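First comes the structure, then the notes that go with it.
The values are calculated or read from the model by the stated rules, or taken from the named source; none is laboratory data. All of these numbers come straight from a predicted model, not from anything done at the bench. Quick reminder, even Gly has a Cβ in these numbers, built from the backbone with ideal geometry, and neighbours come from all protein chains shown. Accessible surface is based on the protein model in full, side chains and every heavy atom, while ligands, DNA and RNA are left aside. Shrake-Rupley method; radii C 1.70, N 1.55, O 1.52, S 1.80 Å.
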Amino acid sequence: MPSQGPESAVLTAPHTDTALPVPLRVRLRAHIAIMRLDHSIKNIFLLPGIAVALSLLHPRLRDVRLLPIGVGMLSVTLIACSNYVLNELLDAPFDRLHPHKCNRPAALGLVDSDAAYAQWLLMMGVGMTLAAWIGLHFAVAAFALWVMGCIYNIRPLRTKDITYLDVLTESVNNPLRMLLGWYMVTQVIIPPTSMLCAYWMLGCYFMGLKRFSEFREIGSRQGACAYRKSFEHYNERSLLGSVVFYAAMAMLMFGIFVVRYRIELILSFPFIALLMAMYFDLSFKDNSAVQHPEKLYREPSLMLTAIFTTIVMIVLLNVHVPMVGRIFTPSTW
C-alpha cells in the first residue's frame, strides 16, 4: 500500500477490488454531500403545522416566540440529515444500479463508513439536544422522525424493500413534520387527527408518484427490481392504482377536517386538485423532479401554483366567509 500524506486517505471503494487513494478534501466534500443539505427545502412541510396551530389556537402574536421555531427548524434539519447519511450508506450497493444515483458519493466509494456512522449518530445527538430544549412533545416527535429513518433503512425491518409498506412508512414523515411544526408553537394539545391523516396520505401520493417515475425511468423490470426490491411486486398499473387510492384518502381526510374545523377551506379545493394534477403530469417526464423533490423549484408553473394555493389556504384559515357556511348548511326537511 502506498504511503500517504496528511492530505489523503486510502479507502477501499465498495464497488471495486482495489484500494484507491481519496484526497482528504474530496472525502470531506463527500461527507458533506451525503447530508443532502439541499433536501432541507422539505422543511417547508413544517409550515402547515405552524399555520394550523396559529389559526386554530389563535395565540396572541406577542406570545409566539420565534426562537423555538428557528431552533426547531435546525433540529429537524439535523435529524433529517442524519437519516440521509444512513440512507446513503446502506443504499450504496443499490444506487450503483440506478442511472443517476450511481453518482452519489457513497456509491462511488468516496465515503469512509466508520466516519459516516459516527456522523449519523452525532447529528442525531445534536438534533435531539436541540429538540429537548423546545419541549417534551417536540422531542418525542423528533425522535420518532429519526426512528422512522431507521425502520425504513435498517434490516431486518428495512420497510423500503416491502411493496406498499415502503410508501406508507416513508410518508409517515409528513404527519411527523406537521406535528413538529405544531409543537414549535404549542406544547399543549395535538393537531386534528383528520389533518394528520390527510397529510400522511398526501405524502403517500407524492411518494407513490416518485416510485412510478423511477420505475418508468429505469425501463427494464429486471433493472428496477435489482435497484429496489419493492419493485418486484410493482408495475406501472399497480403504482398508478395506489396513487389514486392515496389521493382519494387524502382528500377524504381533508374534507373531514374542513367540515369539522374550517368550512371556508372548501374554496381551496380546486387549487389543491390542480396542484395534484400538475404533479401527476410531472411524473411522466424523463428524469422528473418528482424523483428529486429538492429540485421542484425548477418547475416554475408548479411552484407558482403551490405558492398561490398556500396563500389561499392561509387566508381561508383566518378569514370568516359566512356565505360558505350558509351554502353548505344541512337542509331541513
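Some observations on this one:
- Of all residues in the stretch 292-312, those that are open to solvent by less than 90 Å² (accessible area, probe 1.4 Å) have Cβ atoms under 6 Å from Cβ atoms of residues that are among the aromatic types (Phe, Trp, Tyr) and modelled with pLDDT of 85 or more, 6 or more apart or on another chain, in Thr309/Phe271; Val312/Phe271.
- Selection within the stretch 304-333 - more than 21 Å from the chain's Cα centre (by Cα), among the small types (Gly, Ala, Ser) and in a helix (DSSP H, G or I): Gly325
- Within the set Ala273, Ala289, Ala277, the sole residue that is surrounded by fewer than 16 Cβ atoms within 10 Å (Cβ to Cβ) and either within 21 Å of Phe215 (Cβ to Cβ) or touching a residue at least 40 places away in the same chain (Cβ under 8 Å) (or both) turns out to be Ala277.
- When the stretch 146-171 is filtered for residues that are open to solvent by 20 Å² or more (accessible area, probe 1.4 Å) and not in a helix (DSSP H, G or I), the ones remaining, listed by number, are Ile154, Arg155, Pro156, Leu157, Ile162, Thr163, Tyr164.
- Members of the stretch 132-145 found to be more than 15 Å from Met178 (Cα to Cα) and either open to solvent by less than 40 Å² (accessible area, probe 1.4 Å) or in contact with a Cys (Cβ under 7 Å, 6 or more places away or on another chain) (or both), listed by number: Ile134, Gly135
- Among residues of the stretch 112-132 that are in contact (Cβ under 8 Å) with a residue 24 or more places away in the chain and closer than 11 Å to Asn83 by Cα, those with a beta-carbon under 6 Å from a residue that is open to solvent by less than 30 Å² (accessible area, probe 1.4 Å) and of a type outside the set (A, V, I, L, M, F, W, C) at least six positions away or on a different chain give the pairs Trp120/Ser82; Met123/Ser82; Met124/Ser82.
- Looking across the stretch 19-48 at every residue that is surrounded by fewer than 14 Cβ atoms within 10 Å (Cβ to Cβ) and among the basic types (Lys, Arg), the one that is modelled with the highest pLDDT is identified as Arg29.
- Residue within the stretch 313-331 that is among the small types (Gly, Ala, Ser), in contact with a helix residue (DSSP H, G or I) (Cβ under 8 Å, 6 or more places away or on another chain) and either surrounded by 13 or more Cβ atoms within 10 Å (Cβ to Cβ) or modelled with pLDDT of 95 or more (or both) present: no
- Those helices (runs of 4 or more DSSP H) of the stretch 174-272 in which at least 2 residues are within 17 Å of Thr310 (Cβ to Cβ) and more than 19 Å from the chain's Cα centre (by Cα), considering only elements entirely within it, cover 236-261.
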